[in-house]
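Contents: one structure, followed by commentary.
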Amino acid sequence: WERNPQHLPITSTFGSPDTNLQHQEIRFTNNRVFSRYRVTFPELKKVGSNVLQFAEVELPGYLVGGDDANVPTRSPVVQTPNPTKIPTRSPVKDPTRSPTGSPIGSPIISTGSPTRNPSTTKSCVYEPTPTNTVLDTNTLIEFVGSSRAAENPSDAVDGTTSKFSIENDQVEVLDPGLIAVPSCGSSIVKGIRFYVSSSSKWHDPSTYVLEGRSDESDMWHLIGEGQVNMPRRRNSDGLQISSSFASGDDSYTFDESTFLENEEAYYQYRVLFPTTRGDQDSVILAELELPGILIPGADNPNPTSAPVTSPTDIITSTPSSLTNTPSVAMSGEPTLAMSGEPTLV
């Protein structure tokens, strides 16, 4: 029942409220991005009272720039005649494009030695971003359903038609497939694409199961499953694939399924192939794509192997998504957030 004195400055962070003042905090898991919020109070502590009073409301979270929907339709209005907070500084008309420090990507999961030149890899994002595949070229790939050592598993996500093979020797209980751990953190998958290999059509998968999970201690959750109807025309080896979130590369043959209703974000994915077209002992494909939304600021919490001491994915340029429009978040004091950089507040 202890009350807070009026007009005292509040010093809080994303991780902690101001413990010098009386408060109540509720934390929850949320992976969706919104541009407007509404807080309602259906009941008051004192029955019959029609007056609601409190000192401050804070919504700890990420400021995400680069989306016009996040810009208020009108300027925030101070409701009191004598404001108690003074902005630390006014939003500048032309913010600088260069970040104050070098962007830091997610830790790169070690696979012994880098499988791709860093200059060819996809950078992690600074805003929720639709992408042709959430499986970046630094994704850790592990083949399952086979006791044989995998050859070039990274070919599954290298952005070319270089084929990869998953042997099914019936030793393990699992159907043949793969587990993928993207280096850029969590994402929301909206579809799956299978590019035809140059090998025999009898090695094409005829069914698939796609699952996701948050970390290694989590259960696998079904995202989608169904038939694979691979075209019979074969793709040549080693050709660059140019696809988008909305469409696969029509220069090549592939099959695609979509799950646009999926809103769950996961850090890890598993794709299994229960059957093949010719009941063969191996599945052979040219490329696997998972079109979806990359979520910023969400590094993988549980890599399957230790991160390397020196990251191999070096960001050498200023993020291209920075814009000239600053966004202002009102929480006690106005906080200037550069559009395009998710900021903890």
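The values are calculated or read from the model by the stated rules, or taken from the named source; none is laboratory data. From a predicted model like this one, the values you see are computed outputs, not experimental measurements. Note that each Cβ is placed from the backbone with ideal geometry, even for glycine, and that neighbours are counted across all protein chains shown. Ligands, DNA and RNA are stripped out before the accessible areas are found, and what is left, the full protein with its side chains, is counted by its heavy atoms. Shrake-Rupley method; radii C 1.70, N 1.55, O 1.52, S 1.80 Å.
Observations, loosely collected:
Each row is one residue, and each column tells you yes or no for (1) open to solvent by less than 90 Å² (accessible area, probe 1.4 Å); (2) over 26 Å from Pro296 (Cα atoms).
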residue	(1), (2)
Glu2	no, yes
Thr29	no, no
Ser35	yes, no
Lys45	no, yes
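- Residue count for region 197-222, restricted to those that are open to solvent by 20 Å² or more (accessible area, probe 1.4 Å) and under 21 Å from the mean Cα position of the chain (by Cα): 12
Residue-wise test of (1) out of contact with any Asp or Glu (no Cβ under 8 Å at 6 or more places or on another chain); (2) small (Gly, Ala, Ser); (3) in contact (Cβ under 8 Å) with a residue 40 or more places away in the chain.
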{"residue": "Asn152", "(1), (2), (3)": "yes, no, no"}
{"residue": "Val157", "(1), (2), (3)": "no, no, yes"}
{"residue": "Ser165", "(1), (2), (3)": "no, yes, yes"}
{"residue": "Asp175", "(1), (2), (3)": "yes, no, yes"}
{"residue": "Ser186", "(1), (2), (3)": "yes, yes, yes"}
{"residue": "Arg193", "(1), (2), (3)": "no, no, yes"}
{"residue": "Ser199", "(1), (2), (3)": "yes, yes, yes"}
{"residue": "His221", "(1), (2), (3)": "no, no, yes"}
{"residue": "Glu225", "(1), (2), (3)": "yes, no, no"}
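- Lone unmet requirement of (1) in contact with a Pro (Cβ under 6 Å, 6 or more places away or on another chain); (2) under 23 Å from Ile295 (Cα atoms); (3) of a type outside the set (Val, Ile, Thr); (4) open to solvent by less than 40 Å² (accessible area, probe 1.4 Å) for Phe273: (2)
- Residues of region 23-64 classified as at pLDDT below 80, farther than 25 Å from Ser214 by Cα and within 27 Å of the chain's Cα centre (by Cα), total: 1
- Scope region 244-267; condition part of a loop (DSSP other than H, G, I, E, B) and of a type in the set (Asp, Glu); matching residues: Asp249, Asp250, Glu261, Glu263, Glu264
- For Pro231: the one exception among (1) surrounded by 15 or more Cβ atoms within 10 Å (Cβ to Cβ); (2) over 25 Å from the mean Cα position of the chain (by Cα): (1)
- The set of residues in region 126-175 that are at pLDDT 90 or above, within 20 Å of Ser257 (Cβ to Cβ) and over 19 Å from the mean Cα position of the chain (by Cα) comprises Ala156, Thr161, Phe164.
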